[in-house]
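K.L.:
Below you will find the structure I want to go over with you.
The values are calculated or read from the model by the stated rules, or taken from the named source; none is laboratory data. What you see is a predicted model, and the numbers here were worked out from it, not measured in a lab. Methodologically, a virtual Cβ is constructed for each residue, glycine included, from the backbone with ideal geometry; neighbour enumeration extends over all protein chains shown. Protein only, heavy atoms only, side chains kept; ligands, DNA and RNA dropped before computing areas. Shrake-Rupley method; radii C 1.70, N 1.55, O 1.52, S 1.80 Å.
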Amino acid sequence: MSFAPDVTEILARARADLRMGVPVVLSGPQNGALVMAAETLEPQRLADLRALGGEPVLAITARRAETLKARAYDGDVARVILPPDVALGWIMGVADPADDLMKPMKGPLNSQRDGGADLHRLAINLAKSAHLLPAAVLLALPDPAGFAVENALTLVNAALAAPLLAASPIPHPVVSARLPVEAHEKGRLHIFRPEDGGEEHYAFEIGSPPRDKPVLARLHSACFTGDVMGSLKCDCGPQLRGALAQMGEEGAGVLLYLNQEGRGIGLANKMRAYSLQDQGFDTVEANHRLGFEDDERDFKLGAQILKSMGFKSVRLLTNNPRKIAMMEKNGVTVTERVPLKVGETHHNRGYLATKAKKSGHLL
């Protein structure tokens, strides 16, 4: 009998620790590292890190490194060496692009090129999964397990954790209940909870669509600003309401509401991207300056939920070819793409143009 957490549960702990500014320890086959998220790092813990000696580095993505003209010798990751007695403000200036235009000269930044970057890559992915800035301070540890026990820190086995962070967590059904809405009185909301302790996802079913025929479906990513606040900067709110209205008119459909705010980077980082857009960068450029890819969402979750509900084929309400490809790749046949062209305003014309030009949306 054992009550000890497995690696999935340990990763959930590690995410919570990093969000609160608590360090975690990564343990590899021949190495280990103390990890602190740059966004939540505090001066005292930085001083304590310095007192341990060694050569700490700030791990950032190649996207962020490109903006800063730092060398990413490891391909997708740059290991920037922290200058002696560096202040916390310098670390945040490298991690967060908020003041890039006011203070464009961050360097020169020197990057490590010797040794492996597996732990640094894992640290960045862990920060991303916690919806923090994709940047982490690491210090090599000769005895990671001993250090973790001595300081009561979460110890993460890198070899076991890396594939889990790269994989899609399986969403499990929790409960469903009748929910009449404006679009149609016969509605049912299904709640799905991923096994990694992450955010729940929802499926809203209208009518009683047969499981042996293509269902009218929409993969909709959560957008607090558009869906709830009625933002004019995007077309998300009109798309949500338009999809529900069309399903209501047909009397059947499934709207998948995936909690992947800001194309998967979280609401705080989305607001950082909005601030960069106010400085003149488009959606994709803003994501890159933050250190993210164009789109960090995982549409496989939608396919998994549809299959668990018994659907094998869909008529997909979308303008995004990537959603169609991901459905097909994960075992859900797309028999028809149903266009969803709504919500254009003078506030979001540039945003929509970027989606068409850089993300291939069919607008």
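K.L.:
Across segment 168-208, which residue is most open to solvent (accessible area, probe 1.4 Å) among those that are in contact with a Leu (Cβ under 7 Å, 6 or more places away or on another chain) and of a type in the set (Ser, Thr, Tyr)?
P.N.:
So, considering only residues that are in contact with a Leu (Cβ under 7 Å, 6 or more places away or on another chain) and of a type in the set (Ser, Thr, Tyr), the one most open to solvent (accessible area, probe 1.4 Å) is Tyr202.
K.L.:
Does Leu267 count as assigned by the TED database to the domain that holds Ala217, closer than 18 Å to Ala222 by Cα and of a type outside the set (Ser, Thr, Tyr)?
P.N.:
Against the criterion (assigned by the TED database to the domain that holds Ala217, closer than 18 Å to Ala222 by Cα and of a type outside the set (Ser, Thr, Tyr)), Leu267 does not qualify.
K.L.:
Right, here's the next one. Here is a list: Val35, Val77. Which entry is of a type outside the set (Ser, Thr, Tyr), in contact with a Ser or Thr (Cβ under 7 Å, 6 or more places away or on another chain), closer than 20 Å to Phe292 by Cβ and touching a residue at least 24 places away in the same chain (Cβ under 8 Å)?
P.N.:
So the residue among Val35, Val77 that is of a type outside the set (Ser, Thr, Tyr), in contact with a Ser or Thr (Cβ under 7 Å, 6 or more places away or on another chain), closer than 20 Å to Phe292 by Cβ and touching a residue at least 24 places away in the same chain (Cβ under 8 Å) is Val77.
K.L.:
Separate question: In segment 259-332, which helices (runs of 4 or more DSSP H) lie fully inside it and hold 2 or more residues that are open to solvent by 40 Å² or more (accessible area, probe 1.4 Å)?
P.N.:
Output list reads 267-278, 283-290, 300-308, 321-329.
K.L.:
Further, regarding this structure: Can you pull out every residue in segment 209-245 that is more than 16 Å from Leu255 (Cβ to Cβ), in a loop (DSSP other than H, G, I, E, B) and open to solvent by 20 Å² or more (accessible area, probe 1.4 Å)?
P.N.:
Pro210, Arg211, Asp212, Lys213, Met229, Gly230, Ser231, Leu232, Lys233
K.L.:
Can I ask one more? Among the residues of segment 157-167, is there at least one that is modelled with pLDDT of 95 or more, in contact with a strand residue (DSSP E or B) (Cβ under 9 Å, 6 or more places away or on another chain) and open to solvent by 20 Å² or more (accessible area, probe 1.4 Å)?
P.N.:
yes
K.L.:
OK, next. Name the one entry in Gln239, Gln260 that is at pLDDT 95 or above and in contact with a Leu (Cβ under 9 Å, 6 or more places away or on another chain).
P.N.:
Gln260
K.L.:
Looking only at residues in segment 131-147 that are open to solvent by less than 70 Å² (accessible area, probe 1.4 Å), outside any loop (DSSP other than H, G, I, E, B) and of a type in the set (A, V, I, L, M), which one is farthest from Arg272 (Cα to Cα)?
P.N.:
For segment 131-147, the residue satisfying everything is Ala145.
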